[in-house]
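Take a look at the structure set out below.
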Amino acid sequence: MDSTAPLRIRDAWSTDGPELTRMVRGSGAYDGEYRVMVAPQLIDDAYLAANPTRVCVDDQGGIVGFASLLVPGRGVAGEAELDFMFVADDRQGHGIGRALMDDVVAISREMGVERLHIVSHPPSEGFYRSVGAVRVGEIPPTGRITWPRPLLRLDIAVNGTGR
């Protein structure tokens, strides 16, 4: 996707599941010790039917990134959790992640969500902070995840335009 081409974001289709699964499992951000976290991930029809999932596509219709929400996820009514946020390795640094976050905020606002919880991959914390999230804690290691993960929160102005 060239940086001048408009980013198109749409709802995920059930046929997108295998490609989204490959993007997660093959992400370079999860090389080394982090691979155990994404190796078993599966994005299938049931997941896509149950969770708002949006994909960013290039001018050829190829998926270059995606994001999904758990509602309510961590938190209570009126809150959601960012579950997946991935940008294809070869497309990072072109504004796709920021466009997806803007879309997630817009979708959350439409759903009446006022707070978004984010359990961040440690190297991604800076990105989430750059879009307005604040660190509110840490998720301790558990199971196959042997490292702590930052817990962030993004408050959403439901009746306004800003975060």
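The values are calculated or read from the model by the stated rules, or taken from the named source; none is laboratory data. Note that the structure is predicted; figures quoted are calculated from it, not measured. When we count neighbours, we look across all protein chains shown, and the Cβ atoms used for this are built from the backbone with ideal geometry, even at glycine. In case anyone asks, the SASA skips ligands and DNA or RNA and just uses the protein heavy atoms, side chains included. Shrake-Rupley method; radii C 1.70, N 1.55, O 1.52, S 1.80 Å.
Observations on the model:
- Per-region count, region 60-87, residues of a type outside the set (A, V, I, L, M) and either out of contact with any strand residue (DSSP E or B) (no Cβ under 8 Å at 6 or more places or on another chain) or under 16 Å from residue 101 (Cα atoms) (or both): 11
- Any chance residue 83 is of a type outside the set (S, T, N, Q), open to solvent by 30 Å² or more (accessible area, probe 1.4 Å), under 29 Å from residue 147 (Cα atoms) and assigned to a strand (DSSP E or B): yes
- Among (1) within 15 Å of the chain's Cα centre (by Cα); (2) open to solvent by 50 Å² or more (accessible area, probe 1.4 Å); (3) under 28 Å from residue 148 (Cβ atoms) - the single one residue 68 does not satisfy: (2)
- Close pairs from region 18-35: first more than 25 Å from residue 148 (Cβ to Cβ), partner open to solvent by 30 Å² or more (accessible area, probe 1.4 Å) and among the polar types (S, T, N, Q), Cβ under 9 Å, at least 6 apart: 21/41
- Residue tally, condition open to solvent by 70 Å² or more (accessible area, probe 1.4 Å) and free of Cβ contacts under 8 Å to residues at least 60 places away in the same chain, over region 99-133: 6
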